[in-house]
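**Q** Below is one structure. I have some questions about it.
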């Protein structure tokens, strides 16, 4: 893939010579009417879009793989399978990293995103999704495909976004839903990279989602409702918790001795959760009061009368390994 990635540069003189030679022997036709339907043109982008896509379709017609949908899907399935580790189903460090270009690796996730979201490849996605069920461990294949393909995500039910937090790589919003339960959710948005040379955001997001899904039934770990990718961001939809440990601590009255029993109970619960993660070979790497969330022990109890009413929940697994 590294050679392919380099050959995509229009300034590559060898590629230009090869393209000129191919055009002498092949004269693939492109339907401009269909092309402009797939890529709406404006005066500002007309030349750029036409040039880019005429090149794409011309090259596509020269590759036999696109003449057979089953073969196309098989190759993509093999690539996705190789990208995933067989035990945990996380991304394999041999082929991916947070900064692939700096690590002398092809930014394969960036390339696959654009390949799978191209209009010419939309018809193979249902067949590709079926193939993902054959990849172990289940459902790592479906998870990665959902984070690569925009058409597998519907974020229209989340409305009235209000920013409630943010970090180095993402912003957290509180959003309403059109559902009876939950009525509100917390959505973490991470911007899609603007260039193949940028940080591979999906590398860490995939690990975070894998971890949250692994502990989906554990009340000590953030509840995840949904995830996906839009044309501009990666999205993780989670439960909206009442307050973080930092916010709760800043509202406490009296001396620290007055609240010592509650503080020790919370500390003990944090240690138990961290110990549970370590027993499953997972390290959080970002433990701080902002990432410790407090919940009610029961849905009917909307206030904390004592330390026994508090449920401690660990959040933000964006740095976990």
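The values are calculated or read from the model by the stated rules, or taken from the named source; none is laboratory data. Since this is a predicted model, take the numbers as computed values, not measurements. All Cβ positions, even for glycine, are placed from backbone atoms using ideal geometry, and neighbour counts span all protein chains on display.
**Q** Looking at 310, 282, which one is modelled with pLDDT of 95 or more and either in contact with a strand residue (DSSP E or B) (Cβ under 7 Å, 6 or more places away or on another chain) or more than 30 Å from residue 177 (Cα to Cα) (or both)?
**A** Just a single option satisfies the conditions, and that option is 282.
**Q** Just give me the residues in region 149-165 being under 15 Å from residue 238 (Cα atoms), surrounded by fewer than 16 Cβ atoms within 10 Å (Cβ to Cβ) and touching a strand residue (DSSP E or B) at 6+ places or on another chain (Cβ under 6 Å), in sequence order.
**A** 159, 161, 162, 163, 164, 165
**Q** Search region 107-128 for residues being in contact with a helix residue (DSSP H, G or I) (Cβ under 6 Å, 6 or more places away or on another chain) and modelled with pLDDT of 95 or more, and hand back the single one that is nearest to residue 198 (Cα to Cα).
**A** Result: 109.
**Q** Quick check on my filter: what residues within region 213-271 are assigned to a helix (DSSP H, G or I), under 30 Å from residue 115 (Cβ atoms) and out of contact with any helix residue (DSSP H, G or I) (no Cβ under 8 Å at 6 or more places or on another chain)?
**A** 214
**Q** Kindly indicate which of 199, 216, 246 is under 22 Å from residue 154 (Cβ atoms), surrounded by fewer than 21 Cβ atoms within 10 Å (Cβ to Cβ) and more than 12 Å from the chain's Cα centre (by Cα).
**A** Residue meeting the stated conditions: 216.
**Q** Every residue in region 105-129 that is farther than 22 Å from residue 61 by Cβ, surrounded by fewer than 17 Cβ atoms within 10 Å (Cβ to Cβ) and touching a residue at least 12 places away in the same chain (Cβ under 8 Å), please.
**A** 129
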